[in-house]
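Each value in this text was obtained by applying a stated rule to the coordinates, not by laboratory testing. Given the structure is predicted, the values throughout are model-derived calculations rather than measurements. Neighbour counts run over all protein chains shown; Cβ positions are idealised from the backbone, glycine included.
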Amino acid sequence: MDDPLLILDGLHKSFGGVAAVRGVSTTLARGEIRGLIGPNGSGKTTLLNLVGGQTRPDRGWVVLAGRSLEGQPPDAIAARGVARTFQLPRVFRHMTVLENLLVVVCADHRRAGWVEARRDAEALLRLVHLDGLAHAEARTLSGGQAMLLQLARCLAQRPLVLCLLDEPFAGVHPGIKERMVQAIHETNRAHGVTFLVVSHEMPTLRRLAGRVSVMHNGAWIADGPLDAVARDPRVIEAYLGRPGPGHGPEEGRAPGRAADGHSGQPRDPA
Amino acid sequence: MIPLGWARALGPGMPGASTVRAAGAAAGLAAAALLPFALGSYPVHVLTVALYYVILASSWNLLAGYTGLFSLAHHALAGLGGYTSALLVLRAGIPVPLGIACGGILTYATGYAMGALTLRMRTLYLALATWAFAESTRVVISMEYGLTRGDLGLAVPKLLAATSPRPYYEVFLAAAAATVAGLAILLRSRIGYRLRAIRDDEGVARAVGVNTVRWKRFVFALSSGIAGAAGAIYGHYIGLLSPVGMKFDEMALVIIMVVLGGQRTLAGPVLGAAVVEVASEALRAYGQIRMVVFALTVLAVMRIYPSGLMGIARAMARRWLAAA
């Protein structure tokens, strides 16, 4: 717990004239589960892309376990132990559920034996309760099941030190959400894996994350325990567009509780 | 219900299925090897050409079907391999088998370069870029009259002394069997998983640690090398190479074979090549109208049975097993 697992130092990324991420600096401790919230378009996904190597920063550094990720392609970053899911579930549609996990074992940096790999993949499917669908083609899965498969794929990666989850609970049935929370907790406890979870679901984040960070217009505006963050006037302003007490993203009135999970605005607070 | 369960056990990746399939393939191969003794020399020639297309279609299926890289240069690479081997044999005096190997190696390198240059291209852009390469190659070969004799055609030394197509048939059968078996092994390996992952979602493949750059170059190189070597053997069989054989019609024919037979199956291109080549010979009297017939057939197959003849065969087998 001494030196942090992930250091973001002055990260900046613009697309055309729009600054998606501006000057983000923060650290994630080893074994931490960190929530990341913020209105739509606040730069959360871009930030994950910068860490995962899908996007390169204009300025600033990402340092993982003491070594910079500068200039590294996503496959090299995966080999360093970074895994991620995507906001809209992305699975290998023409492969079976089991094969989706076996691909991970077939990554260039992996050397695991086939028998062992298959056994691990089957264990993971049991963990996320997808074992009954092991031989179904992934394109036949529902949105929530695809989300689960994404998570399992993430957890199948080795080495695994950091999981970046992009709105893993959006549009997911409460029962499936429960399995995801359990799987995240189990992996975190058993292997000390660090998680950065983008979500609008405050009740779920409360159960998962010790600390929550808030982004707004590409900037990192607040950091801390969820309740403290939810009372922060800057956060309230970011969500409501005007300062005012009692309108923060509190539990039970999560921003983006709208069924599509895309709205960054809380529902009518009445 | 029990037979249905058995049919399901024959699904992809099941150990039982692979044994059944391997046995079926071995029996088919033995029958194919004996076939020319029951046929006259013209039908054997047609089947020999069909086997050449089996190799082209199978290697293109690896690239376009399994990996999702829709290249339109396969016919040109076959032609390039043919010319490379023929010219080396004619001008440098090397033995024909060595020439064939050189044709394969040169097209492997060409494919590697094409893969490297088109790394960021998908679908239409990739198709256009590879098509431009194919046309340029054909035009250059056609214009370099001094070296290639252009449209007059290049007389190519034969691979075998035999005049009968039978020994050639066996050569092509061995080459086609080796290609399909090699692809079967490749696709079951870790590399096969990587390629299929690239087809489905390149970004995710990369994010889980697949070096997509390396494997896209590799698959381009390998399928091009196979096409080049096949083209070289073909040249030394037919005895005449001409840029006319590198026209887009050839590529269209390969696409028709793969789509009709069933993309992303090993048996599909084999079946498709055999059906299309034999039908093409049977309908020779009707001239170019054949291509229209094939095009319409492909349209119908894509609309009704996107998985091709193999998909139809599988569905029928399943129904039959369920009824039994």
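Near B:Ser164: Cβ cut-off under 14 Å, other residues only, Lys/Arg at +1 and Asp/Glu at -1. The net charge is +1. Across chain B, Cα pairs under 8 Å and at least six residues apart give a relative contact order of 31 percent. In chain B, one over the average inverse separation of all distinct C-alpha pairs is 20.4 Å, which is the Kirkwood hydrodynamic radius.
Bin width 10 Å, origin at 0, all Cα-Cα pairs of segment A:60-206: what percent of pairs per bin? Reading upward from the zero bin: 11, 42, 36, 10, 0. Quick check: from the Cα gyration tensor, does segment B:224-324 come out rounded (a/c under 1.5), prolate or oblate? Here segment B:224-324 falls in the prolate category. Projecting label points 7 angstrom from Cα along Cα→Cβ for B:Leu124 and A:Arg59 puts them 3.9 nm apart. One equal scatterer on each Cα of the protein assembly as shown, no solvent, Debye formula: the resulting log10 I(q)/I(0) at q = 0.10 Å⁻¹ is -0.92.
Taking R0 as 51 Å, what's the FRET efficiency between B:Ala252 and A:Arg231 from their Cβ-Cβ distance, rounded to 0.05? The pair B:Ala252/A:Arg231 has a calculated efficiency of 0.15. Specify the residue with the greatest mean-square fluctuation among B:Gly103, B:Gly81, B:Gly287, computed from a Gaussian network of chain B linking alpha-carbon atoms under 10 Å apart. Of B:Gly103, B:Gly81, B:Gly287, the Gaussian network model singles out B:Gly287 as fluctuating most. For B:Ser142 and A:Gln182, the FRET efficiency from 1/(1 + (r/R0)^6), where r spans their Cβ atoms and R0 equals 60 Å, is about 0.35. For helix A:114-127, report the angle its Cα long axis makes with the longest principal axis of the Cα atoms of chain A; keep it between 0 and 90° and round to the nearest 10°. The two axes meet at around 40 degrees. Normalised by residue number, the volume inside the convex hull of the Cα atoms of segment B:244-303 is 81 Å³ per residue. If you add up the charges near B:Val213, with Lys and Arg at +1 and Asp and Glu at -1, over every other residue whose beta carbon is less than 9 angstrom from its beta carbon, what do you get? Result for the neighbourhood of B:Val213: +3. The Cα atoms of segment B:35-95 give a gyration tensor whose axes a ≥ b ≥ c have a/c of 1.5 or more with a/b no greater than b/c, which makes the shape oblate. With r defined as the distance between the Cβ atoms of B:Ala285 and B:Glu202 and R0 fixed at 45 Å, what FRET efficiency is calculated, to the nearest 0.05? Rounded to the nearest 0.05, the efficiency is 0.45. Among B:Leu299, B:Leu63, B:Leu266, the largest mean-square fluctuation in a Gaussian network model of chain B, built with springs joining Cα atoms closer than 10 Å, belongs to B:Leu299. The amide H of A:Met95, built 1.01 Å from its N in the peptide plane, has A:Ala138, A:Arg139 as neighbours under 5 Å, considering only residues 5 or more places off or on other chains. Compared with the dominant Cα axis of chain A, that is its longest principal axis, helix A:174-191 is turned about 80°. The amide H of A:Ile221, built 1.01 Å from its N in the peptide plane, has A:Val214, A:Met215, A:His216 as neighbours under 5 Å, considering only residues 5 or more places off or on other chains. Sequence-distant contacts, meaning Cα pairs under 8 Å at least 6 residues apart, place the relative contact order of chain A at 23 percent.
Length available on full extension from B:Arg214 to B:Lys158: 0.36 nm per residue minus the Cα-Cα distance, which gives 16.5 nm. Among A:Lys13, B:Lys158, A:Lys44, sorting on how many other beta-carbon atoms sit within 10 Å of each Cβ, with the fewest leading, yields B:Lys158, A:Lys13, A:Lys44.
Each other residue within a Cβ distance under 12 Å of A:Leu6 adds +1 if Lys or Arg and -1 if Asp or Glu, for a net charge of +1. Listed from fewest to most Cβ neighbours within 10 Å, the set B:His74, A:His173, A:His200, A:His216 follows the order A:His173, A:His216, A:His200, B:His74.
When both segment B:46-76 and segment A:66-143 are represented by their alpha-carbon centers, they are found 30 Å apart. Counting neighbouring Cβ atoms within 10 Å and putting the fewest first, the residues A:Arg158, B:Arg149 line up as B:Arg149, A:Arg158.
For the pair segment B:117-166 / segment A:10-45, the C-alpha centres are spaced 51 Å from each other.
Largest mean-square fluctuation among B:Ala30, B:Ala76, B:Ala230, in a Gaussian network model of chain B whose springs join Cα atoms under 10 Å apart, belongs to B:Ala30. By the Cα gyration tensor, chain A has an equivalent ellipsoid whose semi-axes, rounded to whole angstrom, run 30, 22, 16 from largest to smallest.
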